[in-house]
Each structure stands twice: as C-alpha cells, then as structure tokens.
1. I need the GluC sites (Glu not before Pro) found in the stretch 86-186, filtered to DSSP loop residues with at most 10 other beta carbons within 10 Å of theirs.
2. 5 Å is the cut-off here: which amide hydrogens, built 1.01 Å from N in the peptide plane, fall below it relative to Ser168, excluding neighbours closer than 5 in sequence?
3. Got a sec to turn the phi values of the stretch 140-153 into Karplus ³J(HN,Hα) couplings, 6.51 cos²θ - 1.76 cosθ + 1.60 with θ = phi - 60°, whole Hz, x for Gly and Pro?
4. Pick from Thr110, Thr84, Thr151: which residue has the top mean-square fluctuation in a GNM of the chain where Cα pairs under 10 Å get a spring?
5. Would you mind checking which residues have amide H under 5 Å from Ile82's amide H? H placed 1.01 Å from N; only 5 or more apart, or other chain.
6. Once the Cα gyration tensor of the chain is diagonalised, what are the square roots of 5 times its eigenvalues, in whole Å and ordered largest first, as equivalent ellipsoid semi-axes?
7. For the stretch 1-78, which trypsin sites (Lys or Arg not before Pro) are both in a DSSP coil and crowded by at most 16 other Cβ atoms within 10 Å?
8. Within the stretch 1-69, which chymotrypsin sites (Phe, Trp or Tyr not before Pro) sit in a loop by DSSP and count at most 14 neighbouring Cβ atoms inside 10 Å?
Amino acid sequence: MKKIAVFCGSSLGFDSAYKEAAIALGNEFVKRDIALVYGGGKIGMMGVLAETILSQGGKVIGVIPTLLEKKEVVNRDVTELIVTKTMSERKVIMSKLCDGYISLSGGFGTLDELFEGLTLSQLHIEQKPSGVLNTKGYFDYLLLQIDRMITDGFVKPSNKELLIVSDSVEDLLQKMDAYQAPEKTHVINKVVKHDD
C-alpha cells in the first residue's frame, strides 16, 4: 500500500495513549514510505498524525471541505491540499486516492467514514482493506455491536471479516498488507409478478 486514508478525531481525547497511537502510526507510515490521506486538519488526532509524518519528510495529502477550511482548523503545511465543495465530495476523493483505510479513536465523523469504507467493501464497490487501531479497547463496544447485528440477522457473519482489528500499529499494517478481498458472489434477482 502506497497511500492510506486515516480517519480520526479532531480532538485528542482524555488519555495520552490515543495521541501516542497517532504518533506511532505516523512513524510507521514514514518507515514504510506510506503517504497519508486524511481530513486536512491541524488539530486533535488528525493534527498530531499529520505533523508526525511531515516533520520527518513524509507525504501528507489533506482533503477538506470548504465549510471546514477555517484558519484555525486547516493544515496549510501538508504536501498537497485539496479543498472540496461538500463532505460527500471529500469522501469520494479520499476513496479514489487511497489503497486502504485505517480508523483511530474519534467521534461520529470517524465512525461514519469507517462504516462507509466497510459498506463499499460489502457491496464490492471497492476491494480495499479497512482497519481499526483498537487502542485501549476503544472499539470493543463497536465490535460487540457488530456481533449483535450478526446475531439479529442484519449483517452476514462473513462481512465481519471485512474489518481488520489490532491494538498494534505494526500488526495492523501487516494484516492490511496481507488482506485478500472476498470473492464476489452473484445473486440472482427474481422478479415476482402479481396478478391485479
């Protein structure tokens, strides 16, 4: 993988372990010569991750919508900055630029982007790995929710395998490198005619 999109919080959270995880991921990107594709911010987890990579000469591509392009938020020091009209356009561009997705600790936006990537894989629109860095068990309850969705018949058990989970940066990237997308299964749609 040459470019990975990372989704994470615009806050740092209350535990320094989250910031340390962002720094560790940034260091590993530099070591592996992986370019970061991210939300273009200079605050919170996003800012720490981008700065870690930029400070070592790594490549960072920021993609930010106009509504967030405020002086105190946008990172103008990135290698490349792409400004989009909408949040939806931002997602499309990030998807086109990257070879895979990683989610770090974050809020609603992070979860939105995580599930967007998983949904694209589930529908075979993309064949890219989606991973979460499960720092301090941050995603444990989310994984339990996915299990509940499977138990209650809303998600196929095989689709849980679309999500790569690890609490180690090195292990997560190794698993993502080794990822094999599931083969597409063909579903025959039957048209049922009803008599009037």
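1. Glu183
2. Residues meeting the criterion, in which the H sits 1.01 Å from N, are Asn134.
3. The phi angles translate into 4, 5, 5, 5, 5, 5, 4, 4, 5, 4, 5, 4, 8, x Hz.
4. Thr151
5. Gly62, Val63, Ile64
6. Working through the eigenvalues yields semi-axes of 31, 20, 16 Å.
7. Taking the stretch 1-78 and a limit of 16 other Cβ atoms within 10 Å, the loop trypsin sites (Lys or Arg not before Pro) found are Lys2, Lys70, Lys71, Arg76.
8. Listed in order of number, the matching sites are Phe14.
Quick note: the coordinates plus some simple rules give every number you see, no bench work behind them. These numbers come from a predicted model, not from an experiment. All Cβ positions, glycine included, derive from the backbone under ideal geometry; neighbour counts span all protein chains shown.
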